[in-house]
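Take a look at the structure set out below.
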Amino acid sequence: MKMQQKFVSNRKIVSIIITFFMMISLFPIAAFAGNDGTATGNKVITIDPLFQNALIKINATKGAAAAQIITAQRDKFLSDIQAADNLNDKVTSHQKKLDLRAFKVATILSAFGQTVVPNIIGNVDIALTNAKANLLVAQEKGVNVTQSNQLIIQATSLLASAKGTSDLSVALDSALLAGNAIEIIRTLIGSSIATPIPTSAPGTTPQPSSKPTPQPTIQPAPTPTSANLWTTIEAPRAWDYVPTTPSQSACGAAGTTYEVGIGQVYTKLSQVPWLKLLPCDTVNIHWQPTPYKEITFLSNRGAANKYIRITGIPGPNGELPVIDGNGATQTAGLPFINALFDKIGLFVISPPKGYTWGYKPGYIEISNLEIRNANQTNRITDTTGAVTNWHKFASGIYIERAENIAILNCNIHDNGNGLFQNSKFDEQGQSRYLLVEGNYLHDNGNVGSASEHNAYTEGVGTVYQYNRFGDTKPGSYGDNIKERSAGITFRYNNIEGGVNLIDLLDPQSNSSYERIQKDAWGSLLVNSVYIYGNTMIMRTGANVTGWQHILVGFGDGVNAYGNIRSGKIYFYNNTVISQYDYEYWHQPAITLFAIANNFGAPIVQAKNNIFHAMAVTPGAIPEPMAIFYHYGNADFSNNWMTSGWLNIDPHVHVAGSHFTVNPSWDGSGVANILSNPQNNPGFVDAAHDNFKLAANSPLVNAGTTMDPEVVKTGNVPSFEYLSPQSSKPRNQDAFIDLGAFEN
């Protein structure tokens with residue numbers, strides 16, 4: 001990939017073709033530099049502590065004002081990056097990240113001088129030699145080293161670039177990136193196997209232990225009284241498609257319970273010591289007649305079977321406690337890592353200022369709450385006391401770099417995004433293992449905007465199950481579920497509305513890292529998506545925007561950073577309902593699958609589904625279904641589909657779009673389509689949305705066997721959606737029925 005690096009010095013712009021730059025972090029790791037410009041290098045650490053140490057020296061030599069100006073410039077870059085990410089502006093975000101990296105490199109060189117560069121290169125060189133030896137040990141112990149070997153190749157090339165250029169800015173930047181790749185290897189194979197970076201660079205003398213390493217920062221973050229809350233780094237497990245169910249089964253008598261509400265110990269959310277929560281702690285938010293109008297920042301982590309629980313205690317009639325963003329207030333002095341987070345979510349889950357690089361909040365449950373009105377049309381009092389509007393991208397729940405988060409039984413509505421999860425910066429910023437279960441998400445989005453959705457997540461290992469997804473906000477153009485994760489399962493949900501019911505776009509913010517993630521069987525996670533047991537409804541309703549409804553979108557196509565997803569969409573035992581009157585000139589067909597990616601020729605494997613088209617007006621002709629929007633590769637067999645279906649939408653215009661390079665589908669790969677002249681699959685009561693099969697339905701026991709890959713990963717239909725937002729075991733007999741329900 002061709003990229004430009006723009007450095008803040010007066011040198012000319014240097015054009016470099018480095019394919020592997022996108023495979024590692026834009027915020028690199030490097031050997032630590034002392035105030036005298038030597039590389040003391042007790043360990044490989046992030047550029048941010050190295051940059052922070054440069055600020056300390058600038059503060060000492062040039063004064064606090066100079067250091068504060070540089071800090072403000074750094075924070076402005078971060079704010080611009082976050083704003084671009086939130087607006088899905090990939091080009092601006094990418095350029096700002098390059099600018100920030102160059103700015104940090106220039107600051108480090110200014111503080112420590114040019115002699116720091118060869119010392120850092122020397123330390124990284126030794127670390128690379130150690131890493132190669134460590135991989136041999138790890139391989140002998142049975143550790144999967146495929147990804148680590150790729151990183152060795154990248155680090156070797158980067159280090160060669162650092163040694164082979166006379167431009168010290170480019171050399172330092174390349175060395176820092178090489179160091180980052182080595183540190184990722186240490187994470188992948190385990191620190192007990194990996195050898196730390198040498199304590200000194202070649203030709204230097206280690207600093208005496210009596211000489212203290214500078215520790216203060218320009219603006220130190222508040223530190224909880226409980227030590228080591230923001231330091232735990234957990235090695236990731238290979239995704240096995242099994243979500244982590246929140247549990248406190250290992251807590252015993254441990255943990256503190258905080259009661260919030262009228263007549264409780266705490267009457268306001270802000271009184272809870274959120275920055276001091278420990279594993280096994282529980283915050284009970286009791287229902288009260290008036291909503292809670294406060295924002296909550298969650299930065300700590302529980303542990304396996306020692307979750308931190310934030311849960312609502314329902315009212316006398318089952319009412320969920322309400323967290324309302326209309327007129328909500330922030331708590332002063334919250335240690336957000338980005339100023340934008342001040343107006344970004346009613347619940348913000350993120351590392352705080354002062355955290356150890358690689359630390360992530362985790363093992364947190366948010367349950368039994370109504371979360372609403374974090375929307376740009378509503379006002380908020382921010383951490384400075386100023387009254388302003390929510391950010392356009394504000395979310396009911398906003399997650400930034402977290403793992404093992406469970407969102408259960410919540411009613412999330414009328415926000416910009418209902419739920420948002422972000423990932424970035426390689427493993428150190430990779431969100432993982434999100435479970436979204438039993439929630440009702442609806443009416444989220446912004447009028448006239450296509451950038452906000454009921455749910456928008458990017459991570460590794462994401463499971464949506466037993467949820468009800470209603471339509472998005474009337475007048476918005478958002479998707480119901482926009483998904484950029486690697487390793488995704490949608491099962492047993494009821495989904496209705498949105499421009500796309502599910503839009504499986506390519507990984508973006510951490511794409512270079514997510515595209516190489518593998519599951520427990522060694523397969524690339526971006527090459528498979530499992531969608532089964534869902535009821536999915538597209539029909540004319542209150543949210544008429546003129547945009548065509550699409551069942552499932554797939555990939556960004558030839559757009560920037562697109563064409564990452566390939567492989568198979570495993571789509572089986574779903575009940576898909578389309579309810580429109582036939583209007584050829586307005587919408588000649590309802591698209592089932594809009595495949596934008598052509599890399600790897602992705603395949604839609606659809607089996608045992610019901611695709612049923614209904615008319616709105618009695619006696620009218622229903623709108624036909626088009627299997628593909630334009631391009632696709634089908635493996636369709638043993639599905640019910642209303643007769644009159646089309647290969648592709650006949651009114652698709654692809655010139656100038658991200659579909660331009662894709663050939664039109666030729667209709668191959670479709671076999672054994674079931675139908676009847678009456679267009680009657682045998683539902684119990686379709687007119688009242690009861691899409692279970694009657695005992696005499698021709699689709700009972702009409703199913704075929706699952707793909708071996710589906711069986712291997714355990715993604716076999718075994719439950720059903722049960723209204724509202726619940727589940728029950730699916731009946732098991734010798735032959736599976738078509739659709740989401742077993743008779």
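The values are calculated or read from the model by the stated rules, or taken from the named source; none is laboratory data. Fair warning: this is a prediction, and the values are worked out from it, not measured in the lab. Glycine gets a Cβ as well: all are built from the backbone with ideal geometry, and neighbour counts include every protein chain shown. Accessible surface is based on the protein model in full, side chains and every heavy atom, while ligands, DNA and RNA are left aside. Shrake-Rupley method; radii C 1.70, N 1.55, O 1.52, S 1.80 Å.
Worth a mention:
- Euclidean distance of C-alpha centroids, the stretch 287-336 and the stretch 384-431, integer Å: 13 Å
- Taking packing as the residue-averaged number of other Cβ atoms within 10 angstrom, the listed peptides 519-528, 605-614 run from highest to lowest as 605-614, 519-528.
- Principal axis extents of the Cα atoms in the stretch 495-585, from largest to smallest and rounded to whole angstrom, are 45, 31, 21.
- Neighbourhood charge, 14 Å Cβ-Cβ cut-off, centred on Asn411 and excluding it, Lys, Arg +1 and Asp, Glu -1: -4
- Projected area, mean over directions - the stretch 302-351, Cα convex hull, nm²: 5.5 nm²
- Looking at the stretch 559-686, the accessible area is 38 square angstrom per residue; that uses a 1.4 Å probe and ignores ligands, DNA and RNA.
- For the stretch 603-668, the convex hull spanned by the alpha carbon atoms encloses 104 Å³ per residue.
- Protein-only accessible surface order, largest first, of Ile308, Ile621 at 1.4 Å: Ile621, Ile308
- Burial ranking of peptide ranges 119-128, 441-450 (average Cβ count within 10 Å, highest at the top): 119-128, 441-450
- Relative contact order computed over the stretch 565-700 (Cα-Cα under 8 Å; 6+ residues apart), in percent: 23 percent
- The smallest convex shape that holds all Cα atoms of the stretch 651-697, its convex hull, gives 181 Å³ per residue.
- Here the stretch 396-502 is assigned +1 on the Cβ of each Lys and Arg and -1 on the Cβ of each Asp and Glu. Its dipole about the Cα centre then comes out at about 100 debye.
- Ordered by solvent-accessible area of protein heavy atoms (1.4 Å probe), largest first, the residues Ser637, Ser723 come out as Ser723, Ser637.
- Over the stretch 425-469, relative contact order from alpha-carbon pairs under 8 Å, at least 6 apart, %: 53 percent
- Computed with the Debye formula from one identical point scatterer per Cα of the stretch 348-455, without solvent, the log10 of I(q)/I(0) at q = 0.10, 0.19, 0.20 Å⁻¹ comes to -0.30, -1.02, -1.09.
- Sorted on the mean count of surrounding Cβ atoms within 10 Å across their residues, most packed first, peptides 285-294, 414-423 read 414-423, 285-294.
- Area of Tyr355 that stays accessible when all protein chains are in place (1.4 Å probe, Å², to 10): 50 Å²
- Taking the 1.4 Å solvent-accessible surface of the stretch 53-144 as the whole, the part contributed by carbon and sulfur is 57%.
- Set the Cα radius of gyration of the stretch 636-676 against 2.2 N^0.38 Å, with N its number of residues, and you get 1.46.
- A crude spin-label estimate for the pair Asp689 and Lys76, with each label 7 Å from Cα along the Cβ direction, gives 5.1 nm.
- Proximal charge balance of Ser578 [Cβ under 9 Å; K/R count +1, D/E count -1]: 0
- Surface composition of the stretch 550-677: carbon plus sulfur atoms contribute 57% of the solvent-accessible area (1.4 Å probe, protein chains only, all chains present).
- In this view, the solvent-accessible surface of Lys96, computed with a 1.4 Å probe and all protein chains in place, comes to about 60 Å².
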